[in-house]
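> One structure follows; several queries about it will come next.
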Amino acid sequence: MRSISILGATGSVGEQTIDLIRRNAADWKVVALTANSNVAGLAAAAREFGAQVAVVADERRLGDLREALAGSGIEAAAGRAALCEAAARPVDMTVAAIVGCAGLGPVMAAIEQGGTIALANKEALVSAGEVMTAAVARHGATLLPTDSEHNAIFQCLQGGRIGDVRSITLTASGGPLRLVEDLSSVTPEQAVAHPNWDMGAKISVDSATMFNKGLELIEAHHLFPVGLDRIRIVVHPQSVIHSMVEYRDGSTLAQLGPSDMRVPIASCLAWPARMDTPMAPLDLPAIGELSFFRPDEARFPATRLAREAAQAGGAAPAVLNAANEVAVAAFLDRKIAFSRIAVLVESVLDQGELPAAPRTLEEVLRVDEDARRRATRILEPA
Ligand code: NDP
């Protein structure tokens with residue numbers, strides 16, 4: 001039996017993790033489950049698996065959580081410090097599936113206990129970059145990429161040597177707006193209607209703007225040290241190939257599979273072994289054709305902005321991420337047009353000198369907060 005904590009248990013990745021745990025319940029002991037404010041979903045999962053502790057980030061929901069867990073013997077807690085305390089409890093596996101930089105503190109707490117972390121929460125790695133990878137090395141933790149593209153690359157690297165890699169290709173579906181001409185009038189409903197994947201609202205908008213691929217480029221840069229100029233992006237609308245690794249002898253390895261996050265999640269949960277999932281076998285004749293295109297950075301500048309931020313290094317990726325989080329929230333609240341998301345991110349990046357490169361978690365969080373303030377000031381001038 002292995003112990004597991006799921007940070008962001010009520011979200012899309014969290015629920016798909018729970019689905020896999022439920023199918024193999026005898027193999028797992030659930031320690032901590034967390035959410036932001038979804039008390040009903042969190043309490044139901046905590047009761048189902050007899051979790052040790054359930055935490056909501058929103059402190060105002062603590063009373064409701066206590067009530068929902070009454071009589072169960074499960075600890076209830078709330079707030080950011082409680083999230084980190086729960087994430088720091090020793091477990092064999094932590095699934096990091098909080099959305100946004102809000103997940104960074106808990107991920108770092110999990111890293112500090114030296115366990116294995118299945119990382120879906122890409123914004124945490126994008127913001128903290130070297131601070132996180134250094135902590136992983138210092139504490140002997142293991143980071144397993146759960147993002148489908150990075151999980152594909154990780155799998156293609158098994159048995160290979162990073163020094164033999166000529167290039168890495170991240171595939172991108174292109175999102176729901178790839179062929180939409182007028183991007184200025186796109187609604188949140190259109191932007192979240194992803195053609196291939198069923199995901200949370202924030203990552204769905206990121207996929208529509210291509211910021212998701214931009215964040216993934218920075219994520220790949222930290223996970224697979226081959227050099228930024230060797231990481232490419234190709235649009236592949238069918239989302240069958242999840243990414244590729246080209247070796248110096250001309251061999252390119254690709255990982256293929258259905259567009260279902262349970263595949264990369266299962267690969268992390270069972271690593272280095274394999275486990276059963278309810279996936280139907282890949283039916284290539286039914287898929288018929290796989291096609292590939294170059295990204296259109298004139299219409300979708302996000303990947304250019306992310307590459308520039310990664311090249312600049314230091315605080316730039318954290319600033320890019322924070323500005324994007326503010327812009328996406330404003331778009332989902334119908335306060336700004338879709339086409340303004342990238343404009344806002346670029347304005348924040350171009351606004352004066354960037355802060356110094358953060359060296360600690362606290363410094364990363366300060367850069368994040370400062371960039372959020374700048375983005376908000378541009379959106380809502382006093
Ligand atoms: P969701 O929005 O579906 O879920 C987010 C989870 O995080 C929920 O449990 C939510 O709680 C919790 N949460 C939200 N805000 C906070 C906060 N401020 N503090 C603590 N917890 C919070 O997101 P996804 O599951 O789609 O994505 C999670 C992460 O995984 C993201 O980083 C995303 O980029 C990445 N990812 C997602 C994929 C997908 O298919 N969905 C694919 C690859 C990567 P509550 O329910 O209470 O709001």
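The values are calculated or read from the model by the stated rules, or taken from the named source; none is laboratory data. Fair warning: this is a prediction, and the values are worked out from it, not measured in the lab. Cβ atoms come from the backbone with ideal geometry, glycine included; neighbour counts cover every protein chain shown. Protein only, heavy atoms only, side chains kept; ligands, DNA and RNA dropped before computing areas. Shrake-Rupley method; radii C 1.70, N 1.55, O 1.52, S 1.80 Å.
> If you go through the stretch 185-241, how many residues are basic (K, R), under 23 Å from A97 (Cα atoms) and more than 11 Å from the ligand (Cβ to nearest atom)?
First pass over the stretch 185-241, keeping only residues basic (K, R): 202, 213, 230, 232.
Still in the list and also under 23 Å from A97 (Cα atoms): 202, 213.
Narrowing further to those that are more than 11 Å from the ligand (Cβ to nearest atom): 213.
Number of matching residues: 1.
> Let me ask you something else. For K335, which of the numbered conditions (1) open to solvent by 40 Å² or more (accessible area, probe 1.4 Å); (2) under 22 Å from the mean Cα position of the chain (by Cα) fails to hold?
(2)
> While we're here: Specify the residue that is nearest to the ligand (Cβ to nearest atom); the eligible residues are those in the stretch 121-143 that are out of contact with any Leu (no Cβ under 7 Å at 6 or more places or on another chain) and open to solvent by less than 20 Å² (accessible area, probe 1.4 Å).
N121
> Filter the stretch 298-344 down to the residues that are part of a helix (DSSP H, G or I) and among the polar types (S, T, N, Q) and list them by number. Show your work before the answer.
Going residue by residue through the stretch 298-344, those that are part of a helix (DSSP H, G or I) are 302-312, 316-332, 340-344.
Of everything in the stretch 298-344, those that are part of a helix (DSSP H, G or I) and among the polar types (S, T, N, Q) turn out to be T303, Q311, N321, N324.
> Let me ask something additional. Among (1) over 30 Å from E181 (Cα atoms); (2) open to solvent by less than 70 Å² (accessible area, probe 1.4 Å), where does A322 come up short?
(1)
> Also: Determine the pairs where a residue that is farther than 18 Å from A25 by Cβ, located within the stretch 38-66, has a partner that is modelled with pLDDT under 95 and outside any helix (DSSP H, G or I) with Cβ atoms under 6 Å apart, the partner being 6 or more residues away or on another chain.
none
> Follow-up. Being over 17 Å from L305 (Cβ atoms) and of a type in the set (D, E) narrows it down to one residue among D206, D260; which is it? Please lay out each step first, then the result.
Details: D206 fails: over 17 Å from L305 (Cβ atoms).
Result: D260 is the single residue among D206, D260 that is over 17 Å from L305 (Cβ atoms) and of a type in the set (D, E).
> How many residues, within the stretch 84-114, are open to solvent by less than 10 Å² (accessible area, probe 1.4 Å) and either away from the ligand (no atom under 15 Å from the Cβ) or in contact with a strand residue (DSSP E or B) (Cβ under 9 Å, 6 or more places away or on another chain) (or both)?
The number of residues fulfilling the criteria is 11.
> Taking the options P264, P295, P285, name whichever one is touching a helix residue (DSSP H, G or I) at 6+ places or on another chain (Cβ under 8 Å) and assigned to a helix (DSSP H, G or I). Before you say what the answer is, go through the steps one by one.
Numbers: P295 fails: assigned to a helix (DSSP H, G or I); P285 fails: touching a helix residue (DSSP H, G or I) at 6+ places or on another chain (Cβ under 8 Å).
Answer to the check: P264.
> With the requirement that a residue be within 13 Å of the ligand (Cβ to nearest atom) and not hydrophobic (A, V, I, L, M, F, W, C), what does the stretch 6-31 give you? Talk me through it step by step, then tell me what you get.
In the first step, residues of the stretch 6-31 are kept if they are within 13 Å of the ligand (Cβ to nearest atom); the result is 6-19.
Selection gives G8, T10, G11, S12, G14, E15, Q16, T17, D19.
> Within the stretch 251-260, is there a residue that is under 30 Å from F338 (Cα atoms), among the acidic types (D, E) and at pLDDT 95 or above? First the steps, then the outcome.
Step one: of the stretch 251-260, the residues under 30 Å from F338 (Cα atoms) are 258-260.
Next, from what is left, pick out any that are among the acidic types (D, E): 260.
Then keep just the ones that are at pLDDT 95 or above; that gives 260.
Looking through the stretch 251-260, at least one residue is under 30 Å from F338 (Cα atoms), among the acidic types (D, E) and at pLDDT 95 or above.
> Pairs needed: first member in the stretch 78-90, at pLDDT 95 or above; second member anywhere, within 13 Å of the ligand (Cβ to nearest atom) and among the β-branched types (V, I, T); C-beta distance under 7 Å; at least 6 residues apart or different chains.
Close Cβ pairs (under 7 Å, with a partner that is within 13 Å of the ligand (Cβ to nearest atom) and among the β-branched types (V, I, T)) amount to A78/V55; A78/V56; A82/V55; L83/T34; L83/V55; A86/T34; A86/V55.
> If we only count helices (runs of 4 or more DSSP H) wholly inside the stretch 108-188, which ones have 3 or more residues that are without any contact (Cβ under 8 Å) to a residue 12 or more places away in the chain? First the steps, then the outcome.
Working: elements: 122-128, 130-139, 148-157.
Counting at least 3 such residues, we get 130-139.
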